[in-house]
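Asker: First the structure, then my questions, so here it is.
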Amino acid sequence: MSGRPAGNHRPLRPGTSPLFGTVTRGARSAHGESQTCSQHRFRFGSGSPREIAEYIGNDLAARGATVEVADAEHAPDLSRFDAVAIGSAVHDMALLPTVAEYVASHRNELSARPVWLFSVGIEPALRGPIGHRIDRMVPKRIAAVRDSISSREYQAFAGHYERVGVSLGARVLYRLLGGGRYGDLRDWTAISTFSDSIAQGLNLHAPHIIPIHP
């Protein structure tokens, strides 16, 4: 069994933004003994992606996994893991460059194991005919990353969108595209469903406690 406690959270340095999670089952210790625990290692930044990652990590930990949080500058050795979860904020209809570059440089390793991918932006919060059409579309650059590693599942989640600091033109465009309110736009039911999908894919049991979202 891993000696690391569940929910071992270390503070992150400012400026980190992608999330990276790996999951291993039946790994071997340094002495070669078989381990039966599930281990989840996350690296992510601040804001909505981080809080979504923490919620998913807590949910998987409640199902018997061991969860460790690390910063975005220290990717684990993928040979130690059976599955991977990757997430990122969305900028200019694409995943953050750090995420896209990581996937490209580790394509072979990622393609050899189950991968879950998610993004955080404002598109899932849009309503009306235009908003629903945009929400159903997967941006080409995100689809390219997803398809390059045959991701088992991709989900886009709404994040925070604050009115303060947003220009008048951007606010008008947001309304025209189907945006409604500002603030915390996250759909925790959808996020929970995504976490359930990861757990089912890893054959984890039902959580012994229900994690509380922010």
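The values are calculated or read from the model by the stated rules, or taken from the named source; none is laboratory data. This is a predicted model, so every value here is computed, not measured. Glycine also receives a Cβ, built like all others from the backbone with ideal geometry; neighbour counts cover every protein chain displayed. For the accessible areas, the whole protein counts, side chains as well, though only heavy atoms, and no ligand, DNA or RNA atoms are used. Shrake-Rupley method; radii C 1.70, N 1.55, O 1.52, S 1.80 Å.
Asker: Order HIS91, HIS132, HIS106, most accessible first, counting only protein heavy atoms with a 1.4 angstrom probe. Write down the numbers at each step before the final one.
Answerer: Values: HIS91 130, HIS132 85, HIS106 50 Å².
If we order HIS91, HIS132, HIS106 from most to least accessible, we get HIS91, HIS132, HIS106.
Asker: Peptides 187-193, 117-123: what's the order by average Cβ count within 10 Å, highest mean first?
Answerer: Ranking the peptides 187-193, 117-123 by packing returns 117-123, 187-193.
Asker: Same structure again: Taking the full set of protein chains and a 1.4 angstrom probe, give the accessible area of GLU51 in square angstrom, rounded to the nearest 10.
Answerer: 60
Asker: Right, next: Taking the Cα centre of the stretch 99-214 as origin, sum charge times position over the Cβ atoms of Lys and Arg (+1) and Asp and Glu (-1), and report the length of that vector in debye to the nearest 20.
Answerer: Dipole of the stretch 99-214, to the nearest 20 debye: 420 debye.
Asker: Just how much of VAL145 is accessible, in Å², when a 1.4 Å probe is used and the result is rounded to the nearest 10?
Answerer: Its heavy atoms expose roughly 20 Å² to the probe.
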